[in-house]
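Everything on this sheet refers to the single structure shown next.
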Amino acid sequence: MHHLTLLRAMLRALRVVARPHAVSVSRARGLTRRASSATTTTTTVLAPYVELIERIGNGHRTRPLAVCIGWFGAEVRYVRKYAEMYVDASCDALVIAPPSAATLVPSVADAYAGAVARATRDVAEKRDVILHVASNGGFIFGGTMMLRENMTLFDRVRGVVFDCAPGDLRPDIIARAMTAVVRGASATNAPAPRVLDALAATLLETKYIQDRLRIIDEAWGKVDGASMPADDASLMNCPTMFIYSEADVLISPREIESFARTREKKTGREVKMRKFDTAAHCEIGRDHYVEYKAHVRDFVSSIFD
């Protein structure tokens, strides 16, 4: 089958894999869940799959803002669990769960990143930021947001947390990740259906996708390049924490450790490594909630206390 035909089939598949918008951007912006008398936070929907969780009380819009970007195919409710750990550590938090197509298709990613930029501009202005990205999906979409000139979230990054990320992107990783999303299950070592392997391979062979992935790697400092603007240098000079698992079957722990060494060498700053032995990919916070939350609290404290 011709590559263009395969790519079109991939885009059709992504329309199935990507979650449909429950609300439009215009309708979503400004919707707020009322806080009960027993709660200490409010949650505001800023855009599709984007929520702002704020603590009630003093310090409104002056607290550090944790920006939590979910993995490929993540649902808002799961990313919210991680964001709430930062809220408990005296931050406010943004929950971003980009649709699957906004991770893999640059034109869709750009459009969605633009919507996120517009929706979050006011809440991010003049605030210190901790950036939390999960898996390659969070790494890629976070990189897409970095490349936007009007993305104020990245003006004052004071720390970065990588959860099960990043790994070297290969067709089998994409195919097995898509399989996990479709099945609603954890990623496994089992081969993905052949059609997904073929579609993923075609996707990565497409020049404009190759170019975008290279620029994103440059922006993060994963490879050398000139894609990171000078005023975003704080992304390379701030404290970093990696949370990952030896049992991860989707992204190799050795690849994560390699990037951590690269980052430590380039920044000259110590990198915190928090390795678990048994958790599945992007399930460390679920399986080891108490310990994971303690790492988040300690990391926030090390930056702001």
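The values are calculated or read from the model by the stated rules, or taken from the named source; none is laboratory data. The structure presented is a predicted model; accordingly, all values stated were derived computationally and were not measured. Heads up, the Cβs are rebuilt from the backbone with ideal geometry, glycines too, and the neighbour counts pull from every protein chain shown.
Every condition in (1) surrounded by 18 or more Cβ atoms within 10 Å (Cβ to Cβ); (2) out of contact with any Pro (no Cβ under 6 Å at 6 or more places or on another chain) holds for Y244 except the one numbered (2). Only one of (1) over 10 Å from the mean Cα position of the chain (by Cα); (2) closer than 13 Å to A134 by Cα fails for P99. Which number is that? The number of the failed condition is (2). Checked against (1) hydrophobic (A, V, I, L, M, F, W, C); (2) crowded, with 24+ Cβ neighbours inside 10 Å; (3) within 23 Å of F304 (Cα to Cα), V123 passes all but a single condition, namely (2). Candidates are the residues of segment 146-165 that are out of contact with any strand residue (DSSP E or B) (no Cβ under 8 Å at 6 or more places or on another chain) and not acidic (D, E); the one that is farthest from D211 (Cα to Cα) is T152.
Which ones in segment 271-293 are assigned to a loop (DSSP other than H, G, I, E, B) and among the acidic types (D, E)?
D277, E283
Being in contact with a strand residue (DSSP E or B) (Cβ under 9 Å, 6 or more places away or on another chain), among the hydrophobic types (A, V, I, L, M, F, W, C) and not in a helix (DSSP H, G or I) is a property that holds for A93. The numbered conditions (1) without any contact (Cβ under 8 Å) to a residue 60 or more places away in the chain; (2) buried (at least 24 other Cβ atoms within 10 Å of the Cβ) are all true for F162 except (1). Evaluated against (1) in a helix (DSSP H, G or I); (2) over 15 Å from the mean Cα position of the chain (by Cα), G138 falls short on exactly one condition, (2).
Might you check whether a residue that is at pLDDT 85 or above, among the hydroxyl-bearing types (S, T, Y) and over 29 Å from K293 (Cβ atoms) occurs anywhere in segment 195-202? Within segment 195-202, one or more residues are at pLDDT 85 or above, among the hydroxyl-bearing types (S, T, Y) and over 29 Å from K293 (Cβ atoms). Restricting segment 64-86 to residues that are β-branched (V, I, T) and within 23 Å of A187 (Cα to Cα), which is surrounded by the most Cβ atoms within 10 Å (Cβ to Cβ)? Going through the qualifying residues, I end up with I69.
A count restricted to segment 154-173 and to residues that are within 28 Å of T120 (Cβ to Cβ) and either small (G, A, S) or modelled with pLDDT of 85 or more (or both) stands at 13. Contact annotation: residue pairs with Cβ atoms under 8 Å, 6 or more positions apart or on different chains, pairing a residue in segment 114-138 that is within 18 Å of T43 (Cβ to Cβ) with a partner that is hydroxyl-bearing (S, T, Y) and surrounded by fewer than 24 Cβ atoms within 10 Å (Cβ to Cβ), are T120/T152; A124/T152; R127/T62.
Between V133, V67, V116, V79, the distinction of being under 28 Å from D305 (Cα atoms), β-branched (V, I, T), assigned to a helix (DSSP H, G or I) and under 15 Å from the mean Cα position of the chain (by Cα) belongs to V79 only. Pairs meeting the criteria (first residue in segment 253-279 and closer than 18 Å to V223 by Cα, second residue assigned to a helix (DSSP H, G or I) and of a type in the set (D, E), beta carbons under 6 Å, at least 6 apart or on different chains) are V271/E264.
Could you say whether any residue in segment 87-98 is among the β-branched types (V, I, T) and buried (at least 24 other Cβ atoms within 10 Å of the Cβ)? Within segment 87-98 (the criterion being among the β-branched types (V, I, T) and buried (at least 24 other Cβ atoms within 10 Å of the Cβ)), the answer is yes, since at least one residue qualifies.
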